[in-house]
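Student: First the structure, then my questions, so here it is.
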Amino acid sequence: MSASTPYEGPASEKSWTTTLLLLLFLGGFGAHRFYVGKNGTAVLFIVTLSGFLVWWIMDLIKILKGEFTDIDGRPIPKP
């Protein structure tokens, strides 16, 4: 699957609303990334202070657009 090819499998079972709220309120601790199973990047989020805020903004945009994925690459669907 290339970057330009949309994902065609089943969507993630994770909640879009929960992911967004975790980013907004606990994003500095990588809570939204722990929630979707991305533990390695969640730890990096903590160590780098949310990726020097750049990762936080990028994740916010991806979540709002419905492009944020779980550990298996499945998109977290918007309600």
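Student: Kindly list the number of the only condition in (1) within 13 Å of the chain's Cα centre (by Cα); (2) surrounded by 12 or more Cβ atoms within 10 Å (Cβ to Cβ); (3) not in a helix (DSSP H, G or I) that fails for Thr18.
Tutor: With (1) within 13 Å of the chain's Cα centre (by Cα); (2) surrounded by 12 or more Cβ atoms within 10 Å (Cβ to Cβ); (3) not in a helix (DSSP H, G or I) applied to Thr18, the lone miss is (3).
Student: Would the range 54-67 turn up any residue that is closer than 20 Å to Pro79 by Cα, surrounded by fewer than 16 Cβ atoms within 10 Å (Cβ to Cβ) and small (Gly, Ala, Ser)?
Tutor: Yes, the range 54-67 contains a residue that is closer than 20 Å to Pro79 by Cα, surrounded by fewer than 16 Cβ atoms within 10 Å (Cβ to Cβ) and small (Gly, Ala, Ser).
Student: Still on this structure, I have one more. Anything in the range 26-53 that is touching a Gly at 6+ places or on another chain (Cβ under 8 Å) and among the aromatic types (Phe, Trp, Tyr)? List them, or say none.
Tutor: Selection gives Phe45 alone.
Student: If you don't mind, there's one more thing I want to ask. Restricting to the range 29-69, give me the number of residues that are not hydrophobic (A, V, I, L, M, F, W, C) and not in a helix (DSSP H, G or I).
Tutor: Number satisfying all stated conditions: 7.
Conditions tested, residue by residue: (1) closer than 20 Å to Tyr7 by Cα; (2) at pLDDT 95 or above.
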site: Gly27; (1), (2): no, no
site: His32; (1), (2): no, yes
site: Gly37; (1), (2): yes, yes
site: Ala42; (1), (2): no, yes
site: Leu49; (1), (2): no, no
site: Leu53; (1), (2): no, no
site: Ile63; (1), (2): yes, yes
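Student: Output yes when any residue across the range 61-75 is in contact with a Ser or Thr (Cβ under 7 Å, 6 or more places away or on another chain) and free of Cβ contacts under 8 Å to residues at least 24 places away in the same chain, and no when none is.
Tutor: Within the range 61-75, not a single residue is in contact with a Ser or Thr (Cβ under 7 Å, 6 or more places away or on another chain) and free of Cβ contacts under 8 Å to residues at least 24 places away in the same chain.
The values are calculated or read from the model by the stated rules, or taken from the named source; none is laboratory data. No experiment lies behind these values; they were computed from the predicted model shown. Heads up, the Cβs are rebuilt from the backbone with ideal geometry, glycines too, and the neighbour counts pull from every protein chain shown.
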